[in-house]
Amino acid sequence: MRRAVCPGSFDPVTNGHLDIVARASQLFDEVVVAVGVNKSKSKARLFTAEERMGMLDEVCSAFGNVTVAGFDGLLTTFCQERGIQAIVKGLRAVSDFDYELQMAQMNSSLTAVETVFIPTSPEYSFLASSLVKEVATFGGDVSSLVPSSVLGRLTERLEERRSEEDR
Ligand code: ADP
């Protein structure tokens, strides 16, 4: 059984993430989407870990071999505990590569886990959760960049934030 993990913060999941998950699901028997639930970073997030995982659960249910889990601590430990042989990362641009190469080499020095890089589909190469949030905050149309269920929740959350700030 070949298992892979797609790790990230997914705050929120975008069509770029989904493209990588879909392609990983063709390459591996089982794929776990691992959502970082680190408490110290939670203040900086727009969505809670539960919300991010809930959105992923919904959009990943279309794939028969993809599950969603939270992880805290070392990704290599998560892989060891679950018998996962590969970490799948999407590469958008050369700027992703430096950091990802360093991480991949560090991870393989800790355990025997391999990192597999999947090049982004060109239509998503500019896409990052942080940018989606920024554009949506200022009223830009992000409907082609995130799944429709995520778009609804993103709009709602940004409105909540706005009314909190106005108070
Ligand atoms: P982001 O960089 O959007 O904040 P994450 O930290 O959740 O997202 O990223 C998790 C993984 O998804 C990373 O390996 C990242 O390279 C990949 N990824 C994110 N967006 C894209 C995209 N548009 N195309 C390919 N891979 C992507």
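The values are calculated or read from the model by the stated rules, or taken from the named source; none is laboratory data. The model shown is predicted, which means the values in this text are computed figures rather than measured ones. Using ideal geometry, Cβ is built from the backbone for each residue, glycine included, and neighbour counts are taken over all protein chains shown. The protein model used for the area step is the full one, side chains on, heavy atoms only, and it has no ligands, DNA or RNA in it. Shrake-Rupley method; radii C 1.70, N 1.55, O 1.52, S 1.80 Å.
If each of Asp57 and Lys43 carries a label point 7 Å out from its Cα toward its Cβ, how far apart are those two points in nm?
Between Asp57 and Lys43, the label points sit 2.9 nm apart.
Mean Kyte-Doolittle of at least -1.0 and a Cα length of 15 Å or more along the axis: which whole DSSP H helices of the chain meet both? All intermediate terms of the calculation are to be shown ahead of the outcome.
Values: long enough: 15-27 (18 Å, 0.04); 49-60 (16 Å, -0.23); 94-110 (24 Å, -0.26); 148-166 (27 Å, -1.42).
Result, helices passing both filters: 15-27, 49-60, 94-110.
Give the calculated FRET efficiency between Gln105 and Asn65 to the nearest 0.05, with a Förster radius of 30 Å applied to their Cβ-Cβ distance. Mind dumping the intermediate values first?
Numbers: r = 28 Å, r/R0 = 0.94.
Between Gln105 and Asn65 the formula returns 0.60.
Taking square-rooted eigenvalues a ≥ b ≥ c of the alpha carbon gyration tensor, is the stretch 3-125 rounded, prolate or oblate, where a/c under 1.5 means rounded and, failing that, a/b exceeding b/c means prolate?
Working: a/c = 1.18, a/b = 1.10, b/c = 1.07.
Here the stretch 3-125 falls in the rounded category.
Suppose accessible area is computed on protein heavy atoms with a 1.4 Å probe; arrange Leu101, Leu46, Leu110 from highest to lowest. Display every interim value, and only then the final one.
Values: Leu101 65, Leu46 15, Leu110 90 Å².
Listed by decreasing accessible area, they come as Leu110, Leu101, Leu46.
Simple spin-label model, 7 Å along Cα-to-Cβ: Asp96 to Glu165 in nm?
2.8 nm
Within the accessible area of the stretch 3-125, what % is carbon and sulfur when the probe is 1.4 Å and the other protein chains stay in place? The partial results should precede the final answer.
On the way: 3340 of 6300 Å².
Carbon-and-sulfur percentage of accessible area, whole number: 53.
For a quick check: with amide H placed at 1.01 Å from N, whose amide H comes under 5 Å from Val68's, ignoring anything fewer than 5 positions away on the same chain?
So Val68 has HN proximity to Val33.
Calculate the dipole size of the chain relative to its Cα centre from +1 charges on Lys and Arg beta carbons and -1 charges on Asp and Glu beta carbons; express the result in debye to the nearest 20. All intermediate terms of the calculation are to be shown ahead of the outcome.
Details: 17 positive and 23 negative charges, 57 e Å.
Around 280 debye, computed over the chain.
Using Cα positions and a limit of under 20 Å, work out the aspartates and glutamates in reach of Lys89, with same-chain residues fewer than 8 apart set aside.
By straight Cα distance, Lys89 reaches Asp11, Asp19, Asp29, Glu30, Asp57, Asp72, Glu81, Asp98, Glu100, Glu114, Glu123.
Defining a contact as two alpha carbons under 8 Å apart and six or more residues distant in sequence, what relative contact order in percent does the stretch 3-125 show?
Numbers: 184 pairs, mean separation 37.1, N = 123.
Taking the mean separation of contacting Cα pairs over the length of the stretch 3-125, I get 30 percent.
Roughly how many Å² is the accessible area per residue of the chain, as a whole number, for a 1.4 Å probe? Working shown, then result.
Details: 9340 Å² over 167 residues.
Per-residue accessible area for the chain comes out at 56 Å².
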